[in-house]
Amino acid sequence: MPLRFSETAYNARLVTMPKVAIVGRPNVGKSSLLNRLARKRVSIVDPTPGVTRDRVSVFVDVNPPLDGGVGTVPMPVELIDTGGWGIYTTEEGRFDDAGMDLRLLRKDIEHQINQAMERADLILFLVDCQSGLMPLDQTVADMLRRRNLLERVVLVANKADSESWESHSLEATALGIGDPVCFSAKNGYGATQLNDRIWRDLQHVEAREQRDDEMKLAIVGKRNAGKSTLINALAGEERVIVSEIAGTTRDSIDVRFEIKDRSFLAIDTAGLRKRKSFAGDIDYYAYHRMLQSIRRSEVVLFMVDATEPISKVDQKLGQELQRQYKPTVIVVNKWDKVAPGTSPEDFLDYLTNNLRGLDFAPIVMISAAEKQGLEDVVAMAFNLYEQSGHREPTARVNSIVDAILKKRGPSSRLGTQAKLLFASQVDVRPPTLALVVNRPQLFKGRYERYLMNRLREELPFSEVPIRLVFSKRKRIDLQELKEGKNRSE
């Protein structure tokens, strides 16, 4: 494993776009509304109070109204889901599987809700038109009124699944915030009206265009490895909740940054744990959100705790990254807390022996809590992003693979020699090489690993995974040749 450091100074800043915060009491459908407007499953939906803890955000395009007169192109906005105000855990769910009191998170959750409201250009205040107004709805309305935020508020009566429910939504006018917009996160009823209202209320806010070359950077690791602390260190603020309670982060959380003339999307994920230790559906959903985040990322920061031994959970995660061919930076966090006398070289050997298959991945030592090594992490991530996006000329790939085979090629027990007919790079991220050979089965197993290592030495892919695709030249029979000739005539 190469130990790499950079000299680039860290000076990234958060990307700002028009912000739309979704607030309300628990179980009014805030997460469902975010997923409906985003047209994908972003936030975990579950009837258990306190599922959403952080500010879960997604960048969406709000389309211009069909009646015209206000614009012609979609408006990019940041849509932010928040925790339900007032109830953060049930009494039977007060303690987690490690005996930690989840009520200790109340202050942090309320801080995240307050930050979302204060920074939002528009606030969608959700109520449930089917269950009617509750005392907590009035509590949220009074809070918005005390903070002089009512001019930014759009009252949304959710669960108006059809026109027959619109009369029930009028009860919400008692909150003194105006008439509600009827909407159904379940089936999309009223989506056009809500879209048009968001568009018109954000016309005064300057919008930013999303960059096409943005790097998607997933941050993964087991529980309490320091993923959320790293996000906050990069952001320079408490963007996500950091707690000693394991498993605090449940959703995958997107945060956009710009550094000089480049941008990246950092994706904080739930900490991985053994599947047999899942406490219920929420852990299951969080686990699959983490896997989805890996799939949509282009580079992964694999965080390990320098003060804890490499576990089977770490090894399983390393195997998943290899299976998905993800460029990986191994980030050794809490390096400031290791035992005196421990050298980076000693730890490198330890990781090489315990994280099999990732010996090509660069390692960066950091302390997220002390904001040390941030520039190294970001610079290395961009380095891998560029490596995995490089494309080699076909002539050079052919020449290199041919030279490797001539020096040491595979052969069968019967003495059959491997022959290369053609080699070319056919894709990037990951770099994918297609090799047409006489006997594909000769290249499987040990020789494929040997070939991969040699290719990393010869091609500019020394620190990223390479996908090799072996195929046999297809023979065209006489009948296919005749049919092709007839078609051409």
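The values are calculated or read from the model by the stated rules, or taken from the named source; none is laboratory data. Please read these numbers as outputs of a predicted model, since none were measured by experiment. Cβ coordinates were reconstructed from backbone atoms using ideal geometry, including for glycine residues, and neighbour counts include every protein chain displayed.
Candidates ARG94, ARG119: the one that is farther than 30 Å from TRP199 by Cβ, basic (Lys, Arg) and at pLDDT below 90 is ARG94. Among residues of the stretch 322-348 being under 29 Å from the mean Cα position of the chain (by Cα) and over 22 Å from ALA233 (Cβ atoms), the one that is surrounded by the fewest Cβ atoms within 10 Å (Cβ to Cβ) is ARG323. When the test is whether a residue is in a loop (DSSP other than H, G, I, E, B) and buried (at least 21 other Cβ atoms within 10 Å of the Cβ), SER228 does not pass it.
Inspect all residues belonging to the stretch 326-345 and state whether any of them is more than 18 Å from VAL377 (Cα to Cα), at pLDDT 90 or above and in a loop (DSSP other than H, G, I, E, B). No, because not a single residue in the stretch 326-345 is more than 18 Å from VAL377 (Cα to Cα), at pLDDT 90 or above and in a loop (DSSP other than H, G, I, E, B).
Considering the stretch 321-379, the residues that are acidic (Asp, Glu) and without any contact (Cβ under 8 Å) to a residue 24 or more places away in the chain include one that is nearest to MET290 (Cα to Cα), namely ASP349. Identify, from the list ALA361, ALA403, ALA369, the residue that is among the hydrophobic types (A, V, I, L, M, F, W, C), part of a loop (DSSP other than H, G, I, E, B) and farther than 20 Å from ALA218 by Cβ. Just a single option satisfies the conditions, and that option is ALA369.
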